[in-house]
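Report on the following structure.
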Amino acid sequence: MHYNKIIITFVEKYAAMVKMNPFITSGYRSEKYFCDRIEETRFLTKQITNGNNVALISPRRLGKTGLIDHCFHQPEVKNNYYTFLIDIYATKNLQEFVFEFGKSILQGLKPQGKKIWETFLSTLSSFVPE
């Protein structure tokens with residue numbers, strides 16, 4: 001019984017000493033938590049809405065995916081396009097790439113409802129050679 005009290009006291013003191021990081025370091029939550037990059041967001045959003053191709057190049061862990069996700073949540077993109085984030089970093093061959101590609105599209109279209117899903121399937125069937 002005495003040991004339980006010591007352990008609980010230790011955990012309570014340790015928990016009080018541990019500081020939580022107030023910054024989001026992975027994933028995208030909302031515009032409220034996205035810091036700066038106003039010009040980059042404006043530029044990338046304009047490129048997307050004008051149908052231009054863009055290559056974002058920088059070392060790992062500098063926020064490229066977060067910036068893209070942030071742009072996908074801008075009203076002019078969100079309200080007019082279906083967007084998909086596809087992580088192909090770990091794919092080793094074409095089969096794995098196609099699997100990740102399809103999985104991302106399925107997950108992205110599922111919440112949109114049956115009609116968009118049927119449209120997607122009919123579009124896919126148009127690619128099948130006769």
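The values are calculated or read from the model by the stated rules, or taken from the named source; none is laboratory data. Since we're looking at a predicted model, the values are computed, not measured. For neighbour counting, all protein chains shown are included, and Cβ atoms are generated from backbone atoms with ideal geometry for every residue, glycine included.
Structure values in brief
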item: Qualifying residue in the range 29-46 (condition: under 17 Å from the mean Cα position of the chain (by Cα), modelled with pLDDT under 85, under 30 Å from residue 115 (Cβ atoms) and in a loop (DSSP other than H, G, I, E, B)); result: yes
item: Pairs with Cβ under 7 Å, 6+ apart, first in the range 20-49 and within 10 Å of residue 71 (Cα to Cα) and among the aliphatic types (A, V, I, L, M), second at pLDDT 80 or above and exposed (fewer than 14 other Cβ atoms within 10 Å of the Cβ); result: 44/54
item: Qualifying positions in the range 95-106 - polar (S, T, N, Q) and surrounded by 12 or more Cβ atoms within 10 Å (Cβ to Cβ); result: 104
item: Single residue of 114, 92 found to be outside the structural domain of residue 44 (by TED's automatic domain parsing), at pLDDT 90 or above and exposed (fewer than 12 other Cβ atoms within 10 Å of the Cβ); result: 92
item: Residue ID - farthest from residue 41 (Cα to Cα), chosen from residues in the range 63-89 that are among the β-branched types (Val, Ile, Thr) and surrounded by 12 or more Cβ atoms within 10 Å (Cβ to Cβ); result: 86
item: Residues that are aromatic (Phe, Trp, Tyr) and modelled with pLDDT of 70 or more, drawn from the range 117-130; result: 117, 120
item: Subset of the range 53-111 [among the aliphatic types (A, V, I, L, M) and in a loop (DSSP other than H, G, I, E, B)]; result: 54, 55, 56, 57, 62, 85, 86, 88, 90
